[in-house]
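Here the structure is laid out as C-alpha cells; the discussion comes afterwards.
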Amino acid sequence: MAKDYFNENKIEFTEHDVATDLEARQEMMNRSGQMGVPQILIGDELVVGFDKPRIDTLLGLGDK
C-alpha cells in the first residue's frame, strides 16, 4: 500500500528488502526495535506501518 501510494503521488522512495538484506534488517531493528514493515523514514521521523495521515502530515500533503 505504501509503495502504491508513493508511486501514485510521484513521491520518490528507496526500498530495502529486509527479508534478503541482512544489513538493512539490522538497521531497521536498531532504529525501531521492531520487525514490523513497512518502516518509512521521512526526515528524522519514523513511521511504522502505512499510517497515511501521519505520512501526509510529514510530507506536507494536506488532505489527500
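Bear in mind that the values in this text are calculations on the coordinates, not laboratory data. Note that the coordinates shown come from a computational prediction; the quantities given were computed from them, not determined experimentally. Neighbour counts run over all protein chains shown; Cβ positions are idealised from the backbone, glycine included.
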Within a Cβ distance under 14 Å of Glu15, other residues only, what is the Lys/Arg minus Asp/Glu net charge? -3
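Counting each DSSP H run of 4 or more residues in the chain as -39500 (n - 2.57), what helix-only mean residue ellipticity at 222 nm follows after dividing by all residues, to the nearest 500 deg cm²/dmol?
Details: 3 runs with 26 residues, N = 64.
Estimated from H runs of four or more residues: -11500 deg cm²/dmol.
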Log10 I(q)/I(0) at q = 0.11, 0.16 Å⁻¹ for the chain, from Debye over equal alpha-carbon scatterers, is -0.26, -0.54
Here the stretch 17-24 yields Karplus 3J(HN,Hα) values (6.51, -1.76, 1.60; θ = phi - 60°; whole Hz; Gly and Pro given as x) of 8, 6, 6, 10, 9, 5, 5, 5
Sequence-distant residues sharing a close amide H with Ile42 (under 5 Å, placed H): Val47
